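Taking it in order: structure first as structure tokens, then the write-up.
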Amino acid sequence: MNSITPLLGLSSEELTRWVIEQGQPSYRAKQLHQWLYTRNIRSLDEVTVFPKSWREQNKTPVGRSTIALQTPTPDGTIKFLLALADGQTIETVGIPSDNRLTVCVSSQVGCAMGCTFCATGYSGFGRHLEVHEIVDQVLTVQEAMSRRASHIVYMGMGEPMHNLPRVIKSLRALNQEIGIGQRQLTVSTVGIPGKILDFAYEHLQVTLAVSLHAPNQTLREQIVPTAKNYPYADLLADCREYVRTTGRRISFEYVLLSGFNDLPRHAEELATRVKGFQSHVNLIPFNPVDEARFDRPTPKQVEIFRSTLERAGVAVSVRQTRGVDQSAACGQLRRRAFLQAK
Ligand code: SAH
Ligand code: SF4
């Protein structure tokens with residue numbers, strides 16, 4: 001750990017090592033942990049229980065972002081555009097319901113995968129997020145919405161498996177330092193060869209959501225360019241291994257694009273692929289994206305697709321679209337702000 005590593009994301013043991021390195025007694029680590037994770041400090045200087053001379057001269061950053069834009073929606077969902085230390089921006093969403101606060105976090109600035117229906121995909125890849133930049137998103141939403149987060153979904157900008165070591169460390173920090181149960185953490189991925197297995201062997205009790213979006217390889221490749229390097233059968237085999245090693249069922253995400261992958265024959269084919277699999281299919285009606293030449297299916301089309309799967313014995317749900325008129329899908333708020341600034 002070098003002296004400029006931000007403090008956020010560090011475990012109790014790492015904080016202990018750090019305070020000792022700084023020539024301070026080890027009990028200061030416990031105090032620092034509390035001020036970092038429950039009192040929302042933005043600089044060490046705010047830790048008033050620390051000796052004044054030390055906190056004034058110690059310039060180690062905490063690692064918090066600032067809110068650049070905040071767009072509330074009528075259903076209570078709030079989308080945040082956060083500015084990072086280097087001026088890059090990312091999106092984070094707080095989704096409240098009666099007894100939950102779900103935070104949708106980004107794992108990268110932009111995304112390198114280029115899915116043709118996704119606003120983030122059109123923005124291209126910026127960089128990986130550091131552990132503190134992922135943990136910060138949760139603290140920022142908790143603070144702004146005056147509630148503890150109960151569930152976290154890695155469904156904001158970026159492909160978590162492309163940034164796996166930092167994503168894994170952030171999952172551990174959210175679980176151990178902030179106290180969110182592993183089963184309340186969901187990582188969504190389009191799949192990168194080898195990475196689902198690497199993730200499985202971490203033996204976390206995290207939910208894996210796999211963005212499948214098609215019932216076969218040919219259709220999938222047309223909307224998920226990176227699928228060309230990851231045959232459909234191999235992806236499903238890796239998902240089975242995830243279920244086998246973790247005992248957790250998989251959630252298959254399926255964006256419904258009108259006329260492209262939402263016909264009854266697609267539902268029938270999908271059912272043959274995922275049947276007998278410890279899984280669940282989550283249908284997401286497409287959120288219109290400026291650049292993407294797809295249409296959102298009608299509620300009737302969605303219902304036919306859903307009931308076809310259900311009749312075939314597949315556990316299926318339709319994701320309720322929240323905040324859709326405000327800025328639609330993840331990645332769009334940032335893209336619009338970026339295009340307006342040009
Ligand atoms: N890169 C990861 C996680 C971020 S995207 C992944 O692809 O899984 C999170 C989810 O949002 C994915 O299931 C993705 O397919 C979906 N998504 C992206 N753009 C969308 C859009 N315009 N409408 C509906 N869902 C979209
Ligand atoms: Fe990246 Fe996910 Fe968007 Fe595809 S859907 S471009 S993997 S963020």
- Under a GNM of the chain (C-alpha, springs under 10 Å), which listed residue has the highest mean-square fluctuation: Ala227, Ala112, Ala85? Ala85
- Query: Modelled label-to-label distance, Ala237 and Glu14, 7 Å Cα→beta-carbon offset: nm?
  - Reply: 3.5 nm
- Considering only protein heavy atoms, what is the solvent-accessible area of Thr246 at a probe of 1.4 Å, reported in Å² to the nearest 10? 20 Å²
- Only Lys, Arg (+1) and Asp, Glu (-1) charged, at Cβ; the chain dipole about Cα centre in debye: 340 debye
- Query: So for the pair Gln222, Ser307, with labels modelled 7 Å out along Cα→Cβ, what separation do we get in nm?
  - Reply: 2.6 nm
- Query: Can you give the three extents of the C-alpha atoms in the chain along their principal axes, from longest to shortest, in whole Å?
  - Reply: 70, 45, 38
- The extension gain from Ile4 to Arg249, computed as 0.36 nm times the residue separation minus the Cα-Cα distance, is 84.2 nm
- Note on the structure: Among Ile41, Gly121, Pro297, the residue whose Cα sits farthest towards the positive end of the charge dipole of the chain, when +1 is placed on the Cβ of each Lys and Arg and -1 on the Cβ of each Asp and Glu, is Ile41
- How about region 78-167: which trypsin sites (Lys or Arg not before Pro) there lie in a loop by DSSP and see at most 16 other Cβ atoms within 10 Å? Arg147, Arg148
- Can you list the residues of region 1-35 with backbone N under 13 Å from a point 7 Å past the Cα of Asp86, pointing along Cα to Cβ? none
- Is it possible to state the helix-based mean residue ellipticity at 222 nm for the chain, with each DSSP H run of 4+ residues giving -39500 (n - 2.57), the sum divided by total residues, to the nearest 500 deg cm²/dmol? What is it? -10500 deg cm²/dmol
- Message: Suppose a student asked you for the relative contact order of the chain, using Cα pairs under 8 Å spaced at least 6 residues apart; what percent would you report?
- Response: 14 percent
- Message: For a quick check: with amide H placed at 1.01 Å from N, whose amide H comes under 5 Å from Val318's, ignoring anything fewer than 5 positions away on the same chain?
- Response: Leu283
- Note on the structure: A correct Kirkwood calculation over the Cα atoms of region 12-57 returns a hydrodynamic radius in Å of 10.6 Å
- Contour excess over end-to-end distance, with Cα ends at Gln31 and Thr272 and 0.36 nm allotted per residue: 81.3 nm
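Mind checking the full-extension length gain between Arg265 and Arg127? Use 0.36 nm per residue of separation minus the Cα-Cα distance, one decimal, nm.
In short, 45.8 nm is gained.
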- Task: May I ask you to derive the FRET efficiency for His280 and Ser53 from their Cβ-Cβ distance with R0 = 45 Å, giving the value to the nearest 0.05?
- Result: 0.20
- Given charges of +1 on the Cβ of Lys and Arg and -1 on the Cβ of Asp and Glu, with all other atoms neutral, how large is the dipole of region 210-289 about its Cα centre, in debye to the nearest 20? 220 debye
- Label zone at Ser317, where the point sits 7 Å out along the Cα-to-Cβ direction: region 61-88 residues whose backbone N lies under 20 Å: 75-78
- Rounded to whole Å², per residue accessible area for the chain with a 1.4 Å probe reads 43 Å²
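The values are calculated or read from the model by the stated rules, or taken from the named source; none is laboratory data. Every value quoted in this text rests on a predicted model; they were computed, and no experiment measured them. Note that each Cβ is placed from the backbone with ideal geometry, even for glycine, and that neighbours are counted across all protein chains shown. Areas reflect the complete protein model, heavy atoms only, side chains present, ligands, DNA and RNA absent. Shrake-Rupley method; radii C 1.70, N 1.55, O 1.52, S 1.80 Å.
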